[in-house]
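Visitor: Quick one: the structure is below, and I'll ask about it shortly.
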Amino acid sequence: MIHKGKHVQHPGHGRRRGRHDFFGYGDAIRAALERRLPRRPVWALDVGTGFGRNAVFLAHHLPPGSHVWSVDPSEDSLKMGEEAVQKAGLASQVSLLPGTAERLPFADGEFRLTMGVMIFHHLVEVPPALREMARVTRPGGKLLLVDWGPTAHLLPFAIEHRPEDFFTAHAVDEMLRDVGLQPSVEQHPMWYVVEAVKE
């Protein structure tokens, strides 16, 4: 995964207030994800560890007996993820590994759930990542994706973003169809969630 742009500072927008809870959209995003999670124990993959909050969310909300793997190319992100997992007391339920969305270090069909939250706007090319995410998802399994839409470039990100860094839900839908999936999209003003079951 390749970060675009440079780091920027926004007065009055600290880490806790902004990035750590999706700029105030966190409750709605988590609710949209939670109602789409499997109801039986699964192996799940979180693509893009970031601050570790998605891996922790999955470990908390998936049924007992599930296990979460989380990958990120950044050593700093993996360290932050490890800290978040340890703090939540979930070390036995979460494994963190180095890896990129475009080249996931897993065999075909290892996961029943593959999730990516707010990663597409960091990628130079999204289709290779979608192909990889589909590859490691088993038939009958699910891809669950959330990202910002183009209007979100106005949010005070820690990394500078342009409108063209963001993909519309329609664009992601088309890319998933090119991979051979049949996605469904839930559109919100600033963000969207896409769900696709692998046949």
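The values are calculated or read from the model by the stated rules, or taken from the named source; none is laboratory data. Just so it is clear, the structure is predicted and the values come from calculations on it, not from any experiment. Ideal geometry is used to build each Cβ from the backbone, glycine not excepted, and the neighbour counts take in all protein chains shown. Note: accessible area is taken over every heavy atom of the protein model, side chains too, but ligands, DNA and RNA are not part of it. Shrake-Rupley method; radii C 1.70, N 1.55, O 1.52, S 1.80 Å.
Visitor: Take the alpha carbon atoms of the stretch 107-184, find their center, do the same for the stretch 58-104, and report the distance between the two centers in whole angstrom.
Guide: The stretch 107-184 and the stretch 58-104 have Cα centres separated by 18 Å.
Visitor: So for Asp173, Asp27, what's the accessible-area order with a 1.4 Å probe, most first?
Guide: From most accessible down to least: Asp27, Asp173.
Visitor: Output the antiparallel fraction of DSSP beta bridges having both residues in the chain, as a percent to the nearest 5.
Guide: Percent antiparallel among DSSP bridges in the chain is about 40.
Visitor: Classify the stretch 36-140 as rounded, prolate or oblate from the Cα gyration tensor: take a ≥ b ≥ c as the square roots of its eigenvalues, call it rounded if a/c is under 1.5, otherwise prolate when a/b beats b/c and oblate if not.
Guide: Oblate, because a/c is 1.5 or more while a/b does not exceed b/c.
Visitor: Continuing with the same structure: Test of understanding: in a Gaussian network model of the chain with alpha carbons linked when under 10 Å, which of Ala129, Ala28, Ala44 would top the mean-square fluctuation ranking?
Guide: Ala28
Visitor: Here's something else I'd like to know. Kindly rank 117-123, 159-165 from highest to lowest mean number of other beta carbons found within 10 Å of each residue.
Guide: My ranking of the peptides, most packed first, is 117-123, 159-165.
Visitor: Just reorder Lys79, Lys87 by solvent-accessible area, largest first, 1.4 Å probe, all chains present.
Guide: Lys87, Lys79
Visitor: Can you give the accessible area per residue of the chain, in Å², using a 1.4 Å probe?
Guide: I get 49 Å² per residue for this part.
Visitor: Please give the net charge around Val56, taking every other residue with its beta carbon less than 10 angstrom from that of Val56, where Lys and Arg add +1 and Asp and Glu add -1.
Guide: It works out to a net charge of +1.
Visitor: Expressed in nm to one decimal, what extension gain is obtained for the pair Ala158 and Gln187 from 0.36 nm per residue of sequence separation less their Cα-Cα distance?
Guide: Full-extension gain reported as 8.0 nm.
Visitor: Quick one: with all protein chains in place, what share of the accessible area of the chain is carbon or sulfur, to the nearest percent (1.4 Å probe)?
Guide: 52
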